[in-house]
């Protein structure tokens, strides 16, 4: 390895999106302090930041390793970066009206969201465990603060405290896992860890423990069963538009790291088959647990939290038989999940106006006729989450199941199918309540929220249109994965 | 994409499938009930004209295999194509669907009291789903259309239905979804197997038909397809969603459900399950025929004890579809012809019966026999249409039902298997039972003295209602008196499918998956080769 740690221009270009995001966040904070008159423009400004970061990630980040192999960019990380930024943009659009309504509009919200995005995009490109950890902390600390952003309501504080306490605990797990792997393999770089494991260096038990701790850590961020307990409480109390971001982006970034870790751990011949079992087990538990628990929820946000648990379970199916094609299903699934989940939370932001109260599904009764467009968006997102064609959500599920069948894990696909049948029941209940029940609660008249509507409408429309005409997106993903060589 | 738009603009199957869905876009801006209703009727009539025109232009025996040119790539990375075709087997069902569409709109004219915009949207999307599923020649495409049918029907039952509508709608949805997810797994498995053998992804029906599967795999896959289709038919013991759905659905929904949706199940067996898994079909034929027989007798006996007209007609559907399934699993040309004709017959007669029950329900807000009696005196036209449709459903010679049932039973009875002959003989009792329960309904409602005073003032059918039932009854009579023009176009197609099926049954079983040589779809599963110029002209 090169002894020189000099930073080249190419290295700086490789973190251009993060520099841009961090700079934009800092600028927004300063504007908040010195030019408060500009507050109204914060959402458009932060959108410029996310879109600009997306553009930089698309055009300027050089493919291949940078910072002496600490980071590694390729078409897949580019796609994941775009998914994270898509979720951030949708959440920012949905947040504007909410923040104004609650009198919370300030630069901190936007800055924290942008910094958290920077942490995620950095983490999913990181090829070195300490960088992963730093990025993880960057994104997590911003998320803890955002979860409790609505200072005046008690549930928000509960949401933040629960998320923070468990998150801090899990960070320690991750750090211990990194330490164990470093101790046994002599490196914190993922490729070198893989090489050491392949050579059978170090104690197998300690290495296995290290990997398990890392899986637990990222399983927590992805809210997999049995690490999911924080998510319903946090989703319920945290600002709804922020949950559109929280429920998607950190999961996308975490699954990228999880895949790298599982791939590296599979380099060790004696351990390789075990990881497939562990991942399958997590997938089955999450799919069944998430869906069954979602069945009994009366609060829309809690239901979506458990549904998110189940969705991460589906997402793990391709990891159980990890190969290059797993990326195709993972990327398409994440893209679909980002759109439909962010869309669902965007509509929830628009429909429920008392953040401190419960978001009861039954309150939506009959609103399908009062808010035809918003309800149609919510219904489309629900059907897509349920995996019903012709939506993008169906394509995601289809690819995941196809991957399982292709890799002789038809039983895993069968469990997935069974679980999604359970899922259909509660997603459909939202449609039922919207259109088939009489109104029980008159909605409070609110000022129009153009950006919020835009966020919901865009997500629902893309879910439907890309479901009908998925050729280009799927073609791009398949090409990107094939180009990896 | 360009080619697709060209197809959409031309006189093609593509236009037939997607016109109702595209017609939904202007409908989004038509909020008033009256306007939405009129618009739906207009679209229905245009769609019917498209459908009848397309069939008329190619009418003849054999009915040619119509394709919309070469299949178009839809999701190229996974070999998924947009590929549609119509032959003599799908043609009668397509025709039935497009004829029923305007009839359903007129039939719901007064019965749907709220949100016509939503009802029309659901109805039109449902039509696109139905036609797409009937015409799809790519299994992925078929699955998508199959599922597209679900949501609109769920909404139709759940929003415009009766008292227990939500229970019925959810039950319908979950039953169907459970079956179709199994089918999805089976489709994935087939496509993957094809990829392993041929090296490239494909969901095209023609490609998947080349797979020669070992017995055990065939059994599993046949099972998955059979459960999905048997739920739709519905076959005993997977029928329990049907009475609920029918009783709760609004009249228009019941007509579509009984008239067309159930046929998708039997069509699925004939088009996909039997040709793809011939040896498994043969092996499980006794089971399927047995279940069909149970369905015939069970449906009839349960219908007998119903006190509600709509429930009675719903259970009679189970019995009638039992005949269709029996005909399919007899593997005999005559029985298959009877089965195909009986699918149409059931659509006509049960459709008419549901409309008639809807008409009396709109007047009296009850469907129980006990509330009626002697209606023939006050509503002679109503009595006429009820008796006419009932006799068609019973299978009176001279009307359509007789032709279908006769062909099925005769075809089944001529089979070599003694057991199958026994089944056919026993199934004949089903015909007797049908007469018992249907005539019981007729007797209780329109004959005898007028028992309830409020029935004296009931208005007879309006011109709208007569106009609605007249074409259905005319078709029943026409098919009953002169069935040959209806049988002839599809005969060659059925014969071709049967021949290739029998050739596949007698193939030497394989232990590992093998690939048959490529053969044109028209020779193995879709009837006849298009006689060049005629088909080409129709595609212009």
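Sum -39500 (n - 2.57) across every DSSP H segment of at least 4 residues in chain A, then divide by the residue count to get the 222 nm mean residue ellipticity, nearest 500.
Helices in chain A give a 222 nm mean residue ellipticity of -25000 deg cm²/dmol.
Shape verdict for the stretch A:403-466, please, from the Cα gyration tensor: rounded (a/c under 1.5), prolate (a/b greater than b/c) or oblate.
The shape class here is oblate.
Can you work out D for chain A in µm² s⁻¹ from Stokes-Einstein, where Rh is the Kirkwood radius over C-alpha pairs, the temperature is 20 °C and the viscosity is 1.002 mPa s?
Estimated via Stokes-Einstein, D reaches 96 µm²/s.
Considering every residue in B:150-159, what mean count of other chain Cβ atoms within 10 Å of its Cβ is obtained?
3
Rounded, prolate or oblate: pick one for the stretch A:219-310, where a ≥ b ≥ c are the square roots of the eigenvalues of its C-alpha gyration tensor, a/c under 1.5 means rounded, and failing that, prolate if a/b is larger than b/c, else oblate.
oblate
Between residue B:113 and residue B:414, with labels modelled 7 Å along Cα→Cβ, what's the label distance in nm to one decimal, could you check?
Distance between the two pseudo-spin positions: 5.4 nm.
If you average 1/r across every pair of different Cα atoms in the stretch A:95-137 and take the reciprocal, what Kirkwood value do you get, in Å?
11.7 Å
Nearest 0.05, what FRET efficiency do residue B:301 and residue A:5 give at R0 = 60 Å with Cβ-Cβ as r?
My answer for the efficiency is 0.10.
Per residue of A:395-405, what is the mean number of Cβ atoms on other protein chains within 10 angstrom of that residue's Cβ?
Other-chain Cβ atoms within 10 Å of each residue's Cβ, averaged: 4.
Just to confirm the number: angle between the C-alpha axis of helix B:139-148 and the first principal axis of chain B, 0 to 90 degrees, nearest 10?
20 degrees
Whole angstrom only: what separates the Cα centroid of the stretch A:349-409 from the Cα centroid of the stretch A:126-184?
Each part's Cα centre sits 28 Å from the other's.
In nm, give the distance between the simple-model label positions of residue A:60 and residue B:508, each being 7 Å from the Cα along the Cα-to-Cβ direction.
6.9 nm
Where Rh is the Kirkwood radius over the Cα pairs of chain B, the temperature 4 °C and the viscosity 1.567 mPa s, what D in µm²/s does Stokes-Einstein return?
So the translational diffusion coefficient is about 56 µm²/s.
Using alpha carbon centroids, what distance separates the stretch B:4-66 and the stretch B:93-170, in Å?
One Cα centre to the other: 15 Å.
Return one number: the angle in degrees, 0 to 90 and rounded to the nearest 10, between the long axis of the Cα atoms of helix B:400-413 and the longest principal axis of the Cα atoms of chain B.
Between the helix axis and the principal axis of chain B, the angle is about 50 degrees.
Please give the FRET efficiency for residue A:354 paired with residue A:484, using the beta carbon to beta carbon distance and R0 = 56 Å, rounded to the nearest 0.05.
0.70
If I take R0 = 45 Å and measure r between the Cβ atoms of residue B:453 and residue B:426 in this structure, what FRET efficiency does the formula 1/(1 + (r/R0)^6) give, to the nearest 0.05?
With a Förster radius of 45 Å, E is 0.50.
Roughly how crowded by other chains is peptide B:220-231, in terms of the mean Cβ count from those chains within 10 Å of each of its Cβ atoms?
Mean number of neighbouring Cβ atoms from other chains: 0.
Which order results if A:408, A:150 are arranged by neighbouring Cβ count within 10 Å, fewest first?
With the sparsest Cβ surroundings first, the list reads A:408, A:150.
With each label point set 7 Å from Cα along the Cα-Cβ vector, what nm distance links residue B:22 and residue B:463?
If labels sit at residue B:22 and residue B:463, their model points lie 3.4 nm apart.
Using a Debye calculation, one point per C-alpha and no hydration shell, please list log10 I(q)/I(0) for the stretch B:326-387 at q = 0.12, 0.16 Å⁻¹ in order.
Computed log10 I(q)/I(0) values: -0.46, -0.63.
For residue A:229 and residue A:168, compute 0.36 nm times the residue count separating them, minus their Cα-Cα distance, and round to one decimal in nm.
20.5 nm
How far, in degrees from 0 to 90, does helix A:410-436 lean away from the longest principal axis of the Cα atoms of chain A, to the nearest 10?
The answer is roughly 20 degrees.
State whether the stretch A:44-167 is rounded, prolate or oblate according to the following rule on the C-alpha gyration tensor (a ≥ b ≥ c being the square roots of its eigenvalues): a/c under 1.5 gives rounded; otherwise a/b larger than b/c gives prolate, and the remaining case gives oblate.
Here the stretch A:44-167 falls in the oblate category.
Every number here is computed from the coordinates shown, using simple stated rules; none is lab data. Predicted, not measured: the structure shown is a model, and the values here were computed from it. Counting neighbours? That spans all protein chains shown, and the Cβs are built from the backbone with ideal geometry, glycine included.
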